[in-house]
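Colleague: Here you go, one structure.
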Amino acid sequence: MLFELCQKQGKQVDIKYWKNGEKNVVTVYVDGKFIAAGSSKKKETAKLNAAKQALLKLSESMPTNVGRLDFSFGFNKSFEIDGAKQKLYELCGKKKWPKPIYSLEKDDGPPHDKKYVSSVQIPTVDGILYIEGDEKSRVKEAQISAASWIIRALQESNCL
């Protein structure tokens, strides 16, 4: 999605990787300018996190319709899909995939200001689909974020 958006705008995307201890760090540059970074123990997750952050930042600054992608799902202001968990569950049923599995990837902060990141994975015959959502203040919201991201990824890769 990031490459597609930038290509339509005539912009060049460069993604750089490096390791910092056990963490993989990925940075995204558009036309030589730093846009976003992501990190994770897994290289693919770091890449996805960096791409998500870059898309969010670019959608605010580029003349584009990223916030109004023509999908059959309605997005709220943070790109989350209304009813995402239920829609993902129904999608898995239609595709004859197992139910989505949610995992808590991050549970940080003091009790009065907790932050959570959830991931969702779906085992398929072609492999396991996996993505992490955005950081949220409630576990349920973190799961909705992960469900929204995986639905968007499936739509972008024409798997729906």
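What follows is calculated from the coordinates using simple rules that are stated; it is not laboratory data. Everything quoted here is computed from the prediction, not taken from an experiment. Note that each Cβ is placed from the backbone with ideal geometry, even for glycine, and that neighbours are counted across all protein chains shown.
Colleague: Filter Lys11/Lys52; Lys16/Lys106; Lys42/Lys99; Lys57/Lys115; Lys16/Lys85; Lys23/Lys114 down to the pairs with a C-alpha to C-alpha distance above 28 Å, please.
Modeller: Working: Lys11/Lys52 17 Å; Lys16/Lys106 24 Å; Lys42/Lys99 23 Å; Lys57/Lys115 21 Å; Lys16/Lys85 33 Å; Lys23/Lys114 22 Å.
Beyond 28 Å between Cα atoms: Lys16/Lys85.
Colleague: Also: Express in nm, to one decimal, how much length is gained between Lys19 and Phe34 on full extension, taking 0.36 nm for each residue of separation and deducting their alpha carbon distance.
Modeller: Fully extending the segment from Lys19 to Phe34 adds 3.6 nm.
Colleague: Starting from the range 87-126, pick out the trypsin sites (Lys or Arg not before Pro) whose DSSP state is loop and whose Cβ has at most 12 other Cβ atoms within 10 Å.
Modeller: On the way: sites: Lys87, Lys94, Lys95, Lys96, Lys106, Lys114, Lys115; in loops: Lys96, Lys114.
Answer by residue number: Lys96.
Colleague: Further question: Using the Cα atoms of the range 94-160, I'd like the radius of gyration and the largest Cα-Cα distance, Dmax, both in angstrom.
Modeller: Taking only Cα atoms of the range 94-160, I get Rg and Dmax of 13.1, 42 Å.
Colleague: Please list, in order along the range 23-34, the HN-Hα scalar couplings obtained from phi with the Karplus expression 6.51 cos²θ - 1.76 cosθ + 1.60 (θ = phi - 60°), rounded to whole Hz, x for Gly and Pro.
Modeller: Rounded to whole hertz, the list is 8, 8, 10, 10, 10, 10, 10, 10, 6, x, 9, 4.
Colleague: Right, next: Viscosity 1.002 mPa s, temperature 20 °C: what is the translational diffusion coefficient of the range 78-117 from Stokes-Einstein with a Kirkwood Rh over Cα pairs, rounded to a whole number of µm²/s?
Modeller: Calculated translational D: 173 µm²/s.
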